[in-house]
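Worksheet: the structure to be examined is printed underneath.
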Amino acid sequence: MMDWTDRHQRYFLRLISQHCLLYTEMVTTGALIHGDRERFLRFNAEEHPVAIQLGGSDPADLALCARYAEEHGYDEVNLNVGCPSDRVQNGRIGACLMAEPKTVADCIKAMQDRVSIPVTVKHRIGINGRESFEELTDFVGTLADTGCSTFIVHARIAILEGLSPKQNREIPPLKYDWVYRLKTLFPQLEIIINGGITSLEQCQQHLEAVDGVMVGREAYHHPYLLAGVDRLFYGSSTTAPSRHQVIELMTPYIEQQLANGVALQHITRHILGLFHLQPGAKRFRRHLSENAWKAGAGLETLMEAVSLCPEGSG
């Protein structure tokens, strides 16, 4: 389980491929080189397999940070070429690099030369001013020439001026067919689709055309969605824990973090959607939102919120 207070990150799950893989939200090379490296790189053994997503555009810095990640036990390094925020663009990080395929290829190659773990890339299908399918295939082909074989593709362009990051996740239209066409053109590559996916049924549909599915916002806001993954995609006969059992399993971790001085709100804000669509879900969320931030709030505050959801609700 994540130490959310230290990390302040959401995680993305590459749900279906050869296995499930957890991805950190982007960490910049500057943060790792000049900041508290141990804080940014720390994770718990239960999270394996886990990948770190790096943001940067300097090949030497990225290679160094990839090495740090490998030394800390990460299973994969992923380069972010999809974030559209102004702050990130100002540092030549994220989606703006789609205009520089050669730079991205140099970065990928530098990391590959420094580590033995896989180096992958997450990107958009384009950016404003570079919006054609031909430009997308040129981008993917240039990176594939380095030996990079895994591409996580957010099926929207990024509009670099005039839209906020939130708007960039919602306004540009999804073009899933472009990602399908990439797989047809590059059958040797592992193509993983991302963007606007909200159900396991949608995952099943996408898997008819691509190798994997990445779920981000939905897995974060409604985490119990993942309870059906093992049964549906891996043939598991084991019954998934109920929502109440999930809380029980989290209890030792929560107690440990509280003892270390972590505020309850920094943990519970990431499970507010656990009882989504279940009886009592709104009361659960409201109770935590109103009380978990208070001085002295402890495990009893969480249990009070859980008690508002009938045991049979999940």
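The values are calculated or read from the model by the stated rules, or taken from the named source; none is laboratory data. All of these numbers come straight from a predicted model, not from anything done at the bench. Positions of Cβ are generated from backbone atoms using ideal geometry, with glycine treated the same way; all protein chains shown enter the neighbour counts.
For the range 153-221, please list each of the helices (runs of 4 or more DSSP H) lying entirely inside it that holds at least 1 residues being touching a Pro at 6+ places or on another chain (Cβ under 8 Å).
165-168
Out of (1) modelled with pLDDT of 95 or more; (2) exposed (fewer than 15 other Cβ atoms within 10 Å of the Cβ); (3) small (G, A, S); (4) at negative phi, the odd one out for G147 is which?
Result: G147 passes all but (4).
Search the range 34-59 for residues that are closer than 27 Å to E100 by Cβ and pair each with any residue that is at pLDDT below 90 and polar (S, T, N, Q) when their beta-carbon atoms are under 8 Å apart and the residues are at least 6 apart or on different chains.
A51/T24; I52/T24; Q53/T24
So is Y220 modelled with pLDDT under 95 and either more than 30 Å from T150 (Cβ to Cβ) or not assigned by TED's automatic domain parsing to the domain that holds I152 (or both) or not?
no
For the condition among the hydroxyl-bearing types (S, T, Y), surrounded by 15 or more Cβ atoms within 10 Å (Cβ to Cβ) and not assigned by TED's automatic domain parsing to the domain that holds H123, what is the one hit in Y253, Y180?
Exactly one residue qualifies, and that residue is Y253.
Might you let me know whether the range 224-236 holds any residue that is touching a His at 6+ places or on another chain (Cβ under 6 Å), buried (at least 16 other Cβ atoms within 10 Å of the Cβ) and not polar (S, T, N, Q)?
no
Does T239 count as more than 17 Å from K122 (Cα to Cα), β-branched (V, I, T) and without any contact (Cβ under 8 Å) to a residue 12 or more places away in the chain?
The answer is yes for T239.
What residue, among those in the range 66-87 that are closer than 16 Å to K166 by Cβ and under 17 Å from the mean Cα position of the chain (by Cα), is surrounded by the most Cβ atoms within 10 Å (Cβ to Cβ)?
G82
Does the range 176-220 hold any residues that are out of contact with any Asp or Glu (no Cβ under 9 Å at 6 or more places or on another chain) and basic (K, R), and which are they?
R181, R217
From the list R231, R285, which residue is in a helix (DSSP H, G or I) and out of contact with any helix residue (DSSP H, G or I) (no Cβ under 9 Å at 6 or more places or on another chain)?
R231
Kindly evaluate I197 against the criterion of being buried (at least 18 other Cβ atoms within 10 Å of the Cβ), on the phi < 0 side of the Ramachandran plot and touching a residue at least 40 places away in the same chain (Cβ under 8 Å).
Against the criterion (buried (at least 18 other Cβ atoms within 10 Å of the Cβ), on the phi < 0 side of the Ramachandran plot and touching a residue at least 40 places away in the same chain (Cβ under 8 Å)), I197 does not qualify.
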